[in-house]
Amino acid sequence: MAQLGIVCRTPEEVQFLSGPPEVASQGAVGSPASSLVFTPDAARLLAVGGDAVTVLDASSRQQLQRLDIPAVMAAALSPKGTYLITFQRPSKDESGQADRNLKVWRLADAECVLSLHQKLFTKDSWPSVQFTADESLAFHQVTNAVNIYATADFSSGVSKRLSLKGVAGFAVCPAANRPVVAAYVPESKGSPGFIALYDYSAISAGGDAPAPLCRKSFYRANAARLMWNSTGTAVLALTAADVDATNQSYYGEQKLYFMAADGSNESAVPLPKEGPVHDVQWSPKGDYFVVVAGFMPAKTTLFTDKCVAKFDLGAGPYSTARWNPFGRFLVLAGIGNLPGDLAFYDKKADGKCKPMGNTRAENAVTAEWSPCGRYLMSATVAPRLRVDNGFQASPAVFKYDGTLVAREKRDVLYEASWLPAPEGTYEDRPQTPRAAGAAAANGGGAAAAALPPQPVRAAGYVPPHMRGKPGAAAAAAATFSLARDANDKGGKIPTGAVAARPAAASNLPPGAAPPPSKSASKNAKRRAAKKKSEGGADGAAAGVAGMTL
């Protein structure tokens, strides 16, 4: 088996370590960097920072190339690693004109093949230039349109244009056999926002947008993140609004929509619990996606690529989901503001998720699977947290017991990631029979013992007006928890169904009749109006008859 590797980025240097089960230093490169980017074949490492992008050999750490790019802030690679996209801090030239700070470079000869201007930079919309899987076309969003360039001749300018008034985001299908692009247009002047899929091979020379393959309209959204699956058969759209119209969350609200690339399905993803959508992740195989949503304890649900709820993983203190590179193992992580609980699952072929173990990574900020799919590394990095900086790697599948394999401490750590491996280096392997048997015998793995013991809960608060009354015992025995729901065990979901969403609590006084529904109110108003009009007609007829007599 090939040796795993870890790379750490600190303020002074980029450090290289050999991966588990034994971790040892493999040298360092003494050049500070703001970010690290690996080529798809894992042969080269790009260190981005300062006024340059340095290309290093991933194995020997020797410098292969250096691109002098003043004030470079971000960099990304095309799917095959042929082109490099960079963003520089916006500035103006001597004449007062804005510089072209968004550039596309050909790595083979370090030539800039395309220069554009971009005023704003956001991580959610990066890279601003997207390529098709075969790198034959490049896409770039401008005002009211998405420009398409032929990479064979960038100098000829825009070859096609997808005209969409108000377009605010797009995502190119990653499958080579599907010429489809997803575009997002926010709501404007009372018109709903929408997400639509377009066949870019059908765009006319005049730039008229073809009829969409699929379209979903909605209100209450001012941003959207578009996520294709690896096979290009479906796209998920996570929309967000700054203000929650229901007044339940200070952080706004999110909605999740599903769209099939062939136009056969466009719908809202049925989530079993109200609240924010914490994370959405497609399986690397593209056949399933997992959603972590709802107020804490959050609910996790597994869906098929047809948007059919398949398995309920229950509720817990989790905010992040990560698949291993083969789509076999899944980890739910409570990182960020949560205690750091990790729950590992083995997704079977029928969609059933079998627990393998639990552990906790204190103060974790990131979670990432190794290229072999057998280890998970969680890291505490700055500036998110400036205490306990370092990383800890624990076996995700090999031992399934939460045993700490390695721990490295750093005064300040900006980034910790696995060294990628070329495709085909590792094979997809199931859990070992011995570990699987131990997990079954212990009801989810020996790692469950690694969790800190739950504190002894004190008696619930009893309001003064209830003390000494029959309801006092029930109030004292209350076991509500934001971390876990003991009554929510999860399990397999019947085909075509989703776990029932609990009924909303009523604010009415005890014994009061519930208010009529919207449809009932409309029907009552319609009947009253009809009765009034009929009464007016009868009165008018009687008056005419009296005048005749």
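The values are calculated or read from the model by the stated rules, or taken from the named source; none is laboratory data. This one's a predicted model, so the numbers in the text were calculated from it and none came from an experiment. Note that we place each Cβ from the backbone using ideal geometry, even for glycine, and neighbour counts take in every protein chain shown. When the accessible area is computed, the model is the full protein with side chains, heavy atoms only, and any ligands, DNA or RNA have been set aside. Shrake-Rupley method; radii C 1.70, N 1.55, O 1.52, S 1.80 Å.
Numbers below:
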read-out	value
Residue list for segment 327-339, restricted to those being touching a strand residue (DSSP E or B) at 6+ places or on another chain (Cβ under 8 Å) and either within 24 Å of Gly351 (Cβ to Cβ) or surrounded by fewer than 20 Cβ atoms within 10 Å (Cβ to Cβ) (or both)	Gly327, Arg328, Phe329, Leu330, Val331, Leu332, Ala333, Gly334, Gly336, Pro339
Strands (runs of 3 or more DSSP E) enclosed by segment 1-68 - at least 3 residues per element that are at negative phi and small (Gly, Ala, Ser)	24-29
Count of residues meeting criterion [open to solvent by 30 Å² or more (accessible area, probe 1.4 Å) and part of a helix (DSSP H, G or I)] in segment 159-201	1
Residues located in segment 293-307, provided they are under 15 Å from Gln248 (Cβ atoms) and in a strand (DSSP E or B)	Ala293, Ala298
Residue that is surrounded by the most Cβ atoms within 10 Å (Cβ to Cβ), among those in segment 18-43 that are within 12 Å of Arg61 (Cα to Cα) and aliphatic (A, V, I, L, M)	Val29
Those residues of segment 123-158 which are part of a loop (DSSP other than H, G, I, E, B) and surrounded by fewer than 20 Cβ atoms within 10 Å (Cβ to Cβ), in sequence order	Trp126, Pro127, Ser128, Ala133, Asp134, Glu135, Ser136, Thr143, Asn144, Gly157
Ser283 being at pLDDT 90 or above and hydroxyl-bearing (Ser, Thr, Tyr)	yes
Members of segment 1-15 found to be closer than 23 Å to Glu423 by Cα and crowded, with 19+ Cβ neighbours inside 10 Å, listed by number	Leu4, Gly5, Ile6, Val7, Cys8
Restricting segment 202-234 to residues that are among the polar types (S, T, N, Q) and open to solvent by less than 70 Å² (accessible area, probe 1.4 Å), the residue that is farthest from the chain's Cα centre (by Cα)	Ser204
Inter-residue pairs, beta-carbon under 8 Å, first part of a strand (DSSP E or B) and in segment 99-110, second open to solvent by 50 Å² or more (accessible area, probe 1.4 Å), 6+ apart	Leu102/His117; Trp105/Glu111; Arg106/Thr82
Set Val55, Val48: member being open to solvent by less than 10 Å² (accessible area, probe 1.4 Å) and over 26 Å from the mean Cα position of the chain (by Cα)	Val55
Ser155 modelled with pLDDT of 90 or more, out of contact with any Cys (no Cβ under 8 Å at 6 or more places or on another chain) and more than 30 Å from Asp287 (Cα to Cα)	no
Matching residues, segment 235-260, being buried (at least 16 other Cβ atoms within 10 Å of the Cβ) and of a type in the set (Phe, Trp, Tyr)	Tyr257, Phe258
When residues of segment 271-311 are limited to those that are small (Gly, Ala, Ser) and closer than 30 Å to Asp242 by Cβ, the one most open to solvent (accessible area, probe 1.4 Å)	Gly275
